[in-house]
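Asker: Following this message is one structure expressed as structure tokens.
Derivation of every value follows stated rules applied to the coordinates shown; laboratory data play no part. If you're wondering where the values come from, they're calculated on a predicted model, not measured in any experiment. Don't worry about glycine lacking a Cβ; one is built from the backbone with ideal geometry, like all the others, and counts go over all protein chains shown.
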């Protein structure tokens, strides 16, 4: 995977805690264009830190520092099958379609839906435009590729394309059957549950997806058969009235057929 050469400018630094070789930390800081600190001190101004802990690249803030941090979790979520390929039974599988084989997740984020799609046996490519998330994803996908069941089944590791999804989709040579979108919507202002820490951190670092309408248009042009948009149940449909819609818990999957 090629990490895009667009340095992150903001409240982020790389932290070396004295464990292992310093070189990977130096290389990570150089790729992202952020400071590298050798040891945590109270005068570090950045609010977020990247470091390797317990064999995974993790994102920390001051609140998470003693709790282990956030990372790309390659284990199935509660209720998801651990087998491969997992049964295509839930709302997401119905939205992707029975005749779908190739999928592009154009808004990968923490990759929980990407990993679920991959475990169901779809041929999947992932796109992520945030250099920070691209680093976390690259680390997670390397850990996934090293798992016994991945090697035993001789499965290809997930492919990550780092860059602007609108530009990448416009340049595709072969259209995928389905393009999957899970853009960040503004949080519900009234009676909303506290957002998960992972989403709160993403919003603090990256903000909402202000160009999700343009991304939808690009996806509709690039997809071979359908576009699937994951939305919170309170949000209006991103592309107008969908061809069909599948309801999940507190969310829905809107399907737009070509």
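Asker: Quick one: what does P(r) look like for the stretch 60-111 with 5 Å bins over all Cα pairs, in whole %?
Answerer: 4, 13, 16, 22, 19, 8, 8, 7, 2, 0
Asker: Which ordering of 255, 103 is given by a fewest-first count of other beta-carbon atoms within 10 Å?
Answerer: Listing 255, 103 from fewest to most nearby Cβ atoms yields 255, 103.
Asker: So how do 53, 152, 129 line up by other beta-carbon neighbours within 10 Å, fewest first?
Answerer: 152, 53, 129
Asker: Now for a different question. Can you give me the P(r) profile for the chain? Cα pairs, bins 5 angstrom wide beginning at 0, each as a whole percent.
Answerer: Result, from short to long distances: 1, 6, 13, 16, 18, 17, 13, 9, 5, 2, 0, 0 percent.
Asker: Let me ask something additional. What angle do you read, to the nearest 10 degrees and between 0 and 90, between the alpha-carbon axis of helix 131-145 and the longest principal axis of the chain?
Answerer: 80
Asker: Taking the number of other C-beta atoms within 10 Å as the exposure measure, put 253, 71, 246, 65 in order starting with the fewest.
Answerer: Ascending Cβ contact count within 10 Å gives the list 65, 246, 71, 253.
Asker: Restricting things to Cα coordinates, could you compute the convex hull volume per residue of the stretch 12-61 in Å³?
Answerer: Per residue, the Cα convex hull of the stretch 12-61 comes to 70 Å³.
Asker: Could I ask something else about it? Report the full-extension gain for the segment residue 89 to residue 67: residue separation times 0.36 nm, less the Cα-Cα distance, to one decimal in nm.
Answerer: 4.5 nm
Asker: Round to the nearest 10 and give me the degree value, 0 to 90, for the angle of helix 197-206's Cα axis relative to the longest principal axis of the chain.
Answerer: Helix 197-206 sits at roughly 80 degrees to that axis.
Asker: Give the angle, between 0 and 90 degrees and rounded to the nearest 10, that separates the Cα long axis of helix 212-222 from the longest principal axis of the Cα atoms of the chain.
Answerer: Here the helix axis deviates by roughly 60 degrees.
Asker: When the helix-only estimate is applied to the chain (DSSP H runs of n ≥ 4, each -39,500 (n - 2.57), divided by the residue count), what is the mean residue ellipticity at 222 nm, nearest 500 deg cm²/dmol?
Answerer: After summing the helix terms and dividing by the residues of the chain, the value is -7500 deg cm²/dmol.
Asker: OK, next. Compactness ratio of the stretch 130-172: Cα Rg over 2.2 N^0.38 Å, N = residue count?
Answerer: Cα Rg divided by the expected 2.2 N^0.38 Å: 1.40.
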